[in-house]
Structures are given as structure tokens and as C-alpha cells.
Amino acid sequence: MYKHDMPAMDIAPRSYNSNSYTMNPVFATNKHSTGPITTGGSVVAIRYEDGVVLGADKLISYGHLRRFRDQTRIFKINETTVLAANGEQADLRYLVDLLNAEQKQAELRGDGFEKGPRAIHSWLGRVLYHRRTKGEPLFNDIVVAGWDRKESRPYLGHVSMLGVAYEAPVVCSGIATYIGLPYLREAYQVMPTMNRDQAVDSIKNCLTQLCMRECRSSNLVQLAVVNNKTVDIKDNIVLELNWDLAKNKLIKN
Amino acid sequence: MPTEFTSLDDLSIGLNELSESGEKDLFYSPVSDGTTIIAVQYDQGVILGADSQTSRGRQLVSTKTRFKLARLHERIFCGTSGRCADSKAVLEVIKNRLHLKGIIEDSAPRVRVAAHIASKLCYEHRNNLETSLIIGGWDPVEGPQVYAIPIGGMMTQLPVAAGGSGSTYIYGYIDSMYKPGMSREECIRFVSNCVSLAMSRDSGSGGVIRLVAIDKDEANRMVLAGDEIPKFYQG
């Protein structure tokens, strides 16, 4: 197409349309030996009777620096799927760009078929495993949440950085795996058929605990609620932290 | 220092000897910007500011009067930090592609497009590049915009963005003094203060303060040198 002289550092051919060679993750030539740089914190998600609730804070850290404090980390792909991830946010945004391009192609086809959460989960698992095999991993543990239209049930899955993909009723990424997962698993065991408000409360409690216990986190969060109709992202939720312990209110004389 | 190198092994021994004497850091480290770059967006335009010092290793000043605010297009400028050579290489490619995009679309390129080209480039070559950019500009479609592209290639739009080694010293100042809705003069003073404070605490930043004020009508380059640089507590 537009052939023009490129400096020697360019490796793959370039073009500006979305079907270009470089948009195919299998042929991506970037080498990720550097590790994650602009990182996101934890992601938590729980399945309830009629859907899924997913929560993440809005902070992107640059090492220990809280660099970008009002950033979207939860991405809606289509009316049935939403995803979020911890780790390198540049990599996550790259994957979301690819998924959005695929979604646009589906809309252009206009045949009513679009990729559901199961397909996206599977695709991400394959891509991440392939990149791990090449030695150029994408530094993300991705949570995929959605509504499976074929089976009419909520879908919640996790893909680790090395390509391990599985489905579970409660799923977390990052430090939340140690702090939040036990808490949410117990909540799910006690009441597997909880309703939407109970699920939202569980997630908010979990995020509050994470905010207190994880260094690279903040109390400004986003929640995504998926049900059989749509994905609803609630933005700019400020968590209330309980500082009574600091003010000695819990200590009796 | 050995005077004869008969093989590569000898050369590596030579380098090791240098490092023991502390000279390796001076002579063999990449030329890098200890830098402060900052950009602020206001109603009608964008103000970009930067220092002008380039250091080599941690000790040697390579250039005292460098231009870190590069012109990508008439109303789009880019502040660079990180490794010098990487910054310059990346800027050449971005300028080239942006210019081409302007020709193909027969209109002034948008700031968002410039930022996207830059971020895609930085992301795809992230293992080989160590450069962080702040792109600020004005276009007729979206007005004034500032985009930050840290190392790693993530792109994000912000009202105020700072980068480079000196930026860590002024996040507190930025958080406390930045208000949305500042006028052009207030923004210029804010940016000058930011760069001055960073320069006074960061040994990698110094020289003069270079400013670019971009709006619909012009991109005005200014320099604050010597006594013109705002002064603060120096103890």
C-alpha cells in the first residue's frame, strides 16, 4: 500500500487500516523482556444468580508512583462481554484494541453473530499461551465476565499471564488472589444464588479491603454489572474507608 | 588503561578495568535525558515546558542547551525524555508518518492521531526503546489536548502531564497548584514554576526553561534563562 522508506529499526510492514499484519497478535514482533511498566492493581469478580459483577480501581501505577489516578481499567467489548486485567496496561489496551476491531468487523457483517464471553475467553487464553511460548509474554492476568447467550447463564473466566484459562464462580487477579479470593469464595459458598445487590456489596467490601491492604491501589473504583440484557459500567465510585481503629474508637477502657 | 587490544577478550578486560576506576559510567553509558517535561491544557490552547540539559551517565553534562520540545506539526509539539537517541529516532518516524497522514487526508493532522502514531510505535518496539513522550497541541476538531505516553507505550489523555526524571519532584506541586480553568498567563507561570522547581532538585535537569505556547493562531516558542527563571527557597 503506502510504501515509503522506513528507518532500520522498523521490523514489520506498516499500514493504517485495521486489518494490517501487525494487528495479528500471532505475528507481533515486539519483545517483552522488559517486564510490566505501567501497571494496574487487582481485579475482583463474582457470579450471582442472574449475572456477574466485576470491580477494579482506577489507578495505573508506574512502579511505586501512583501515576495516572483516573483511568479506565474495565473495558466493555460488546453487550455480552466485559473484561479487566491487572499488570501491564499497555498490553491490556492492545488486546482490547484487537477485540474492538474484531467487534467492528462483526457489526459490519451484520449477521447477528458476535463473539460471546466464552469465545473471547478462549481466544485470550490461546493468545497469552502463544506469547508465553514465544518468550514474549503479555503481562496480564485477565478477568473475562459476561452473559453466555447460547446457554443463558452468566459466564466468568480468568486467563493468567501464562495462558492458563479456566472458568469459576469467583475470580480475582493480582494481590486480590490472596486477600479477596478467600473472602469472595466464602460469600459465594454461603449464598450461591445471591442477587445483584448482594454481589455488588461483596465486591465493594472486597475492594475496600484491598484498598486498605494493597499498596498500589486506590479508593476510586469502577464496577461492571453484566446481566442477560447488557453490560452496565458504574464509573467513579469512591469507597468509604473505616478509620475507627486509628481513632481509638474500638478500644475500650 | 591497556594500550593494545589484540582480541575482543582484551577489549572486555579493558572495559572492566575502566569500570573499576569509575570511568565506565562516564564514558560508556547511554546519553540520556535527565529531564523535566510538562504540558498543561487550558481553554484555548496548550503550554509545554521543558528544561534543556542532557546528561551522560549520572555525572557528565552532555549538552546544556538542548531542544526537548520537538515540533511534529504546526500546532503539535512533543516533549521527549529518556534515552536521547531513542527519542530522536522515534521523533523522526512520527514526524514522517504524521506528515504523510496530513497529505493523504489533505488536512491538518489531529493531535490524537499524532499521539496514537507515537504510542503504537513505542508499544511495538518497547523492548528496544527507552523513551517517554508528552504530546501537546491544538487541532480544529477537538481543540487543545495533552497526551502522555510513558515508557511501555500506553497512551492517555490528561489535562496536565509531567514526565522525565525531574517530574517526580514536582508531582506534589502539580497536585496542589493545578486548577482547571486557568488562563494562558497562569498556565505559563505554572509551567515555568514546575520546571524551575524540578530543575532545582533534580541534578539531571538544568539549563534554561524552554516553553511552547500553542493555540489556534500560533505556536510561540519562549526561553527563560538565568535570572528569568522563577526563584524559590534554595536552602
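The values are calculated or read from the model by the stated rules, or taken from the named source; none is laboratory data. Since we're looking at a predicted model, the values are computed, not measured. We place every Cβ from the backbone using ideal geometry, glycine too, and count neighbours over all the protein chains shown. These area figures cover heavy atoms from the full protein model, side chains too; ligands, DNA and RNA do not enter into them. Shrake-Rupley method; radii C 1.70, N 1.55, O 1.52, S 1.80 Å.
Here A:Arg14 meets the list (1) open to solvent by less than 30 Å² (accessible area, probe 1.4 Å); (2) in a loop (DSSP other than H, G, I, E, B); (3) at pLDDT below 95 almost entirely, failing just condition (1). Under the condition of being facing chain A (nearest Cβ under 10 Å) and either surrounded by 22 or more Cβ atoms within 10 Å (Cβ to Cβ) or not polar (S, T, N, Q) (or both), the residues counted in the stretch B:66-102 number 8. The single residue among B:Ser203, B:Ser196, B:Ser132, B:Ser183 that is open to solvent by 30 Å² or more (accessible area, probe 1.4 Å) and within 22 Å of B:Val61 (Cα to Cα) turns out to be B:Ser203. When only residues in the stretch A:105-131 that are among the basic types (Lys, Arg) and assigned to a helix (DSSP H, G or I) count, which is nearest to B:Glu124 (Cα to Cα)? Top of the filtered list is A:Arg131.
The set of residues from the stretch B:216-230 being assigned to a loop (DSSP other than H, G, I, E, B) and surrounded by fewer than 13 Cβ atoms within 10 Å (Cβ to Cβ) comprises B:Lys216, B:Asp217, B:Glu218, B:Ala225. Would you confirm whether any residue within the stretch B:141-155 is in contact with a Cys (Cβ under 7 Å, 6 or more places away or on another chain), at pLDDT 95 or above and open to solvent by 30 Å² or more (accessible area, probe 1.4 Å)? No - not one qualifying residue is present in the stretch B:141-155.
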